[in-house]
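The block underneath contains the structure these notes are about, expressed in structure tokens.
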Amino acid sequence: MSSLDIDLAHSKVLLIGTSKIQDEFLPDIPQVVNNVNDLKELFLDPDIFGFEEENVIALLNKDSNSIVANMEKVCYLIKDTLILYYSGHAYLNSNKLFLTGKTSNAIHKHSSCVDFDTVVSILRNSDVLKKILILDCCHSGSATNFLGAGTPYIHAKPEYGKGFAILTASGLSEIAGFDQQNRNTEYTGSLIQLLTLGLESEKLFIHLDDVHNYIKNNHVNRFTSIHGNTPTFVNKLGDSFKFANNIAVLRQKQNEEETKDTGDAENSVDPIHQSLAQAGSLQRSFFNTNALFAEYRNAFILNLYRHSIGGDFYYVNKYKGKLFVIVADCPHMGLPAALWITLLIKSLDDFLRYSNISSDYSASDLLLQLNAEFRILAQHSSGESQFMAEAKLGVCVIDRKYGLMSFSGAGMNLLYYDIHQGQKELEGERDGISGGNVAASFNSYFLKTNTVLRLYMYTDGFYTQTGSADGSPYSHMAFKELLNSLQGHDMPVQQHKLAKAFHQYKGSQKQHDDVLVIGIEFVPAPKPGLVNEQAGTEVLLDKPFIRPTHISQYKVPEGVDLTQQHLRVRDTSKTPRIMCNAVKGVIDISGNSGMDHPQEFYTPLILWVQQYAATPAVSTTVNLQLNSFNISSAKQLMAVLKEFETIYRSGAEVAINWYYQEDDDDMLEAGEDFESMVHVPFKMIECSG
């Protein structure tokens, strides 16, 4: 690869992250720490950037003075390029952006925060030629004001913008998104995914405009529908600025070189060997992935073939609300493998489409069907002996609605990772299936869960691969440990790291077998009407279908549907008045909230909203007109508003109106704080008298 438009020896990366500040109204963002550490790893990666360790500086949870001092020092030391990244909370005051440090708070913005004007002044007065700013914080679009660019490519004050490129996670008055369950914030997570996986194109480099377009085009629905914001981009360095190496192209070239090194005749121009290559393409065309990624976006399929035609295959499809996933390791190489897999997939499609898939249909039922199909193919084969060899299969049937998954294996196991229980393994039957196998039944495991599970199905090609160091195989234990070490990452990033680990271990050795690993993050469908549900996963071996039960500390009385009645709570000197109308979709909360035990007071309201969320009105309006509230109440009010955020995330129309007296700056600022933390359209309404 040719060089980037960055002189690595005379450039630096400054990664700034503030995960917690001294503001009780703003939550901690633990993902910020992961953002900084993950990006540092990528900037040091020689295949993506190749910076030296001393040129990538990470500042986590420093005060504003330390942040400014480090900026000045870095700008003094370099002449070529500065990549400045910030992630954390930010304040907006009179359209001015303030980045936070660990001691920042809303009351003392000017003295406790980093005024973005100061950042601009440091950069403009330095000798650094190229300044790339990546801001993952609320209101970050306001950072383009000094360029006179409220929208991309508006040229004003050109002398100010010379040498600058700014990418932001949000617009001027918009929030930046993060989910407590994810490893990274949404914007940075998208950036990491792009750098880790690369672009599926022939471009050797990822340009700056590629970064913006990837995040915007691939995640615009999530950004706009959940948070109402759109990433922004102003670039005075040129659209063709080569920001990073495209790892996807590099990996493709490596795979091509490895295929050439095998010396297989399939790479010959001989018509027979060309036919083999075409058969391999035909074989892979039957591997449908749409059903998997439509249902589970956080998933991956790592498939590294040894030859043009592979003996490993997978099948993914959805029928009658269930997702069927099959992984197989077949010994038949060459054209018989392509033919056998094609016939098997066709028979599976027909079987699932026309069968009565009942609620108690399990993975073992499908494995029995596969065993029968295998025997039929063997009986109709002129060379039956070649079908007598053992094939290893794993079958998984996922029912997201009920939080249920069943697994059955013949010579294959399944790994799953539960955040509460760690890594677990479900062992299939010891032997695979064959043309002579007359098994009458297979055991099924049933997992019922109300928490996030990560499932892994795989063949043995990865862990039987020998390494160039001493010629020993990778080992199954080391493979499981590798998967366990990757749990902090999203599934696409895990795919990249698995492939990288495989190639590094293999080194100069030839690939001995096909590699197939499928990872799925299984998120059960939410169950409205219950809170404080005990999280966990229960494993049932060889038992009939059991609907999952739910344990809750707070339960709605049996037979009572709170959304069928108006919820009314009279106000007192310490408790607010609450009026909820499910038909009209109007919720009013007004008065004082200074009770001693706010959780007990607000729990009925939270339960009401959770049941209302199942069938909300076309439009939902939440009116908050509070005279005062204490800190404990603030937490419960936040919990209530988060329930309306769930409704908004589902695509329903939700609006929150925050009323305040014209002279009550404290209540106005409190409303703005809630607005910054709740991803629902907010409107501040001033009242007089």
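The values are calculated or read from the model by the stated rules, or taken from the named source; none is laboratory data. This is a predicted model, so every value here is computed, not measured. All Cβ positions, even for glycine, are placed from backbone atoms using ideal geometry, and neighbour counts span all protein chains on display. Heavy atoms of the whole protein, side chains included, go into the accessibility calculation; ligands, DNA and RNA do not. Shrake-Rupley method; radii C 1.70, N 1.55, O 1.52, S 1.80 Å.
Please note which helices (runs of 4 or more DSSP H) are completely contained in region 46-135 and include at least 1 residues that are among the aliphatic types (A, V, I, L, M) and either more than 30 Å from L197 (Cβ to Cβ) or out of contact with any strand residue (DSSP E or B) (no Cβ under 9 Å at 6 or more places or on another chain) (or both).
Working: elements: 64-77, 109-112, 116-124.
Those helices (runs of 4 or more DSSP H) span 64-77, 116-124.
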How many of the residues in region 589-623 are under 21 Å from D673 (Cβ atoms) and in contact with a Leu (Cβ under 8 Å, 6 or more places away or on another chain)? 8
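What residue, among those in region 618-634 that are open to solvent by 20 Å² or more (accessible area, probe 1.4 Å) and among the small types (G, A, S), is modelled with the lowest pLDDT? Spell out the reasoning first.
Narrowing region 618-634 to residues open to solvent by 20 Å² or more (accessible area, probe 1.4 Å): 618-619, 621, 623, 625, 627-632.
Those still in the list that are among the small types (G, A, S) too: 619, 628, 632.
Working: S619: 92, S628: 90, S632: 79.
Residue satisfying both the conditions and the ranking: S632.
Given the structure, is L276 modelled with pLDDT of 70 or more, part of a helix (DSSP H, G or I) and surrounded by 13 or more Cβ atoms within 10 Å (Cβ to Cβ)? Give the derivation first.
Details: modelled with pLDDT of 70 or more: no; part of a helix (DSSP H, G or I): yes; surrounded by 13 or more Cβ atoms within 10 Å (Cβ to Cβ): yes.
For L276, the condition - modelled with pLDDT of 70 or more, part of a helix (DSSP H, G or I) and surrounded by 13 or more Cβ atoms within 10 Å (Cβ to Cβ) - is not met.
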Residue list for region 573-617, restricted to those being modelled with pLDDT under 85, under 18 Å from A655 (Cα atoms) and more than 35 Å from the chain's Cα centre (by Cα): V583
Which is in a loop (DSSP other than H, G, I, E, B) and over 27 Å from the mean Cα position of the chain (by Cα), of F442, F462? F442
Sort out which residues of region 642-683 are in contact with a helix residue (DSSP H, G or I) (Cβ under 9 Å, 6 or more places away or on another chain), under 15 Å from Q610 (Cα atoms) and open to solvent by less than 60 Å² (accessible area, probe 1.4 Å), and write them in order of number. E643, F644, E645, I647, Y648, V654
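Within region 445-459, track down each residue that is outside any strand (DSSP E or B) and modelled with pLDDT of 75 or more.
So the first thing to find is which residues in region 445-459 are outside any strand (DSSP E or B), and the list is 450-452, 459.
Correct list: T451, V452, T459.
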So, in region 625-677, exactly how many residues are basic (K, R) and under 25 Å from the mean Cα position of the chain (by Cα)? 2
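Name the residue that is farthest from the chain's Cα centre (by Cα), counting only residues in region 445-459 that are open to solvent by less than 40 Å² (accessible area, probe 1.4 Å) and hydroxyl-bearing (S, T, Y).
Here is the first cut: in region 445-459, the residues open to solvent by less than 40 Å² (accessible area, probe 1.4 Å) are 446-449, 451-459.
Then drop every residue that is not hydroxyl-bearing (S, T, Y), which leaves 449, 451, 456, 458-459.
On the way: T449: 20, T451: 16, Y456: 17, Y458: 21, T459: 25 Å.
Among them, the one singled out is T459.
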Any residue that is open to solvent by 50 Å² or more (accessible area, probe 1.4 Å), over 17 Å from the mean Cα position of the chain (by Cα) and either within 28 Å of Y91 (Cβ to Cβ) or modelled with pLDDT of 75 or more (or both) - is there at least one of those in region 208-227? yes
Just name the residue that is most open to solvent (accessible area, probe 1.4 Å) out of those in region 10-44 that are farther than 22 Å from S104 by Cβ and free of Cβ contacts under 8 Å to residues at least 24 places away in the same chain. E41
Condition first: surrounded by fewer than 21 Cβ atoms within 10 Å (Cβ to Cβ), assigned to a helix (DSSP H, G or I) and out of contact with any helix residue (DSSP H, G or I) (no Cβ under 7 Å at 6 or more places or on another chain). Now tell me which residues in region 465-482 satisfy that. H476, M477, A478, K480, E481
Of the conditions (1) open to solvent by 10 Å² or more (accessible area, probe 1.4 Å); (2) polar (S, T, N, Q); (3) touching a residue at least 24 places away in the same chain (Cβ under 8 Å), T100 clears all except one; give me its number. (1)
